[in-house]
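Below is one structure; the comments refer to it alone.
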Amino acid sequence: MVDREDVARPIGGDVALPPSAAAAAAAAAADAAAAAARPTPPRATSVSVKVAQFSGAFVHSLILSLGMIFLLHVLNVGVALNAQGQWSNSGELMVSFRDGFVLLVRNLLLPFAEASFLDPLMPESPGIDVWGFWVPGMLSFFFILTATLGIATIRGRRPSRAIPYAVCAAVFLVWKAQMSQAFIELASWESLGEGSRIGRSMPKHAQRVQQYLFKVGRESFSQLYTEHKCTVTARVDDVPRRMYCKSDSVEAKIIPIIVRDFCRSRPDDGEAEFDARIRGCKNQAHRLGLLNGDPSDSDGVYCSCWSAVFDALRLGSRWVMMAWVGLLMGVLSALYVAVEPRLACMGVRERSEVLAYAATGAVLLAFKAIMYPDSSPLSRGD
């Protein structure tokens, strides 16, 4: 007779599991497979990530809007230039495009390298189509590209997607810092001569640009003043206060309003000091030959508007670097959102150290850009 235990023993000699144990093991394996196939619920987003997402999206939305506004303006300029026959054939169009591309790339690369390899391709005298269409058009596309990559980085939250955005953002930040410094320097160009209002000497090429702007602006204003039959109706100590234009055109009604409300001293600037600046403007302009002939009322009105423009520029220069700091915070917020999933895998100490190093570097970069900026393109003559 065959033993019952021999029948239950498998041929290979291994001990067979009881039916109940085998069923339990199969059920456990099925549960494990189902758990592995089931999608993992997303991890709750921290408050810091939400704040970074909001600030990054806000800053990049502003950049995108600015790029779209530039692009619409450029399209209008392009339509006007095309109507005037600016590009009569495709060859002129390609040459104009090449000149604009070389100018823009050289200006973007200058803070990082000399870019001397582009000197043979630099145009000698770029036309209005280069400065008015191609350069701002390509710059608007660069704005839109940077903003789009930033928004995609915030939404995707993958470090690999942040690499092209980081490159564009670095170029954009350096370019914006250079333009902000040029704006601050331009705000000190009121005094016609070798020195600025804040006591710094001006380079020769900057003086030529300043005097050219003054002369061109004065000629245009004098033409409007004569064309619309304008006269000064009120003055104090030979300084014009109000004017009136006899012409019936819209410009004749707007010009006196601008002179009355804009070409005047600011609340934080005394009226006597503002009048002294106007008289100094006329004296320096006559000495440099920028105002020819006998002094006229239009010269006094133009000098008052000249001084008022630089008051507005100085007011704007107080905030331009703060805007750059806000742009830096927006870029860092986008990069933080992208790398936060990897930071979450670190320990508490390692994560704190990485964030501390990044915050310290950002503070030092902002401090250097504001307190010890590099020379602007106006000072270098680029």
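The values are calculated or read from the model by the stated rules, or taken from the named source; none is laboratory data. Just so it is clear, the structure is predicted and the values come from calculations on it, not from any experiment. Counting neighbours? That spans all protein chains shown, and the Cβs are built from the backbone with ideal geometry, glycine included. All accessible areas refer to the heavy atoms of the entire protein, side chains included, with ligands and DNA or RNA removed. Shrake-Rupley method; radii C 1.70, N 1.55, O 1.52, S 1.80 Å.
Odds and ends about this structure:
- Residues of segment 224-269 satisfying the condition of being among the acidic types (Asp, Glu) and either part of a strand (DSSP E or B) or over 38 Å from the mean Cα position of the chain (by Cα) (or both): GLU227, ASP237, ASP238, ASP248
- Contact annotation: residue pairs with Cβ atoms under 7 Å, 6 or more positions apart or on different chains, pairing a residue in segment 174-198 that is closer than 18 Å to LEU365 by Cα and among the small types (Gly, Ala, Ser) with a partner that is buried (at least 18 other Cβ atoms within 10 Å of the Cβ) and at pLDDT 85 or above, are ALA177/TRP324; SER180/TRP324.
- For ARG264, the test of being modelled with pLDDT of 85 or more and open to solvent by 80 Å² or more (accessible area, probe 1.4 Å) is failed.
- Selection of segment 211-225 for residues being among the hydroxyl-bearing types (Ser, Thr, Tyr) and either crowded, with 16+ Cβ neighbours inside 10 Å or within 14 Å of ASN292 (Cα to Cα) (or both) yields SER222, TYR225.
- Residue ID - modelled with the lowest pLDDT, chosen from residues in segment 285-309 that are open to solvent by 50 Å² or more (accessible area, probe 1.4 Å) and assigned to a helix (DSSP H, G or I): ASP297
- Every residue from segment 181-210 that is over 25 Å from the mean Cα position of the chain (by Cα) and at pLDDT 65 or above: SER191, LEU192, GLY193, MET202, PRO203, LYS204, HIS205, GLN207, ARG208
- Test: residue in segment 249-259 that is in contact with a strand residue (DSSP E or B) (Cβ under 6 Å, 6 or more places away or on another chain), under 13 Å from ALA308 (Cβ atoms) and in contact (Cβ under 8 Å) with a residue 40 or more places away in the chain: yes
- Segment 232-260 - residue that is over 26 Å from ALA272 (Cα atoms) and open to solvent by less than 20 Å² (accessible area, probe 1.4 Å) and, of those, modelled with the lowest pLDDT: ALA252
- Highlighted here are the helices (runs of 4 or more DSSP H) found entirely within segment 1-109 that include at least 1 residues which are at pLDDT 85 or above, of a type in the set (D, E, K, R) and open to solvent by 90 Å² or more (accessible area, probe 1.4 Å): 47-83, 90-109.
- Yes/no for ARG208 being closer than 15 Å to GLU190 by Cα, out of contact with any Asp or Glu (no Cβ under 8 Å at 6 or more places or on another chain), surrounded by fewer than 18 Cβ atoms within 10 Å (Cβ to Cβ) and charged (D, E, K, R): yes
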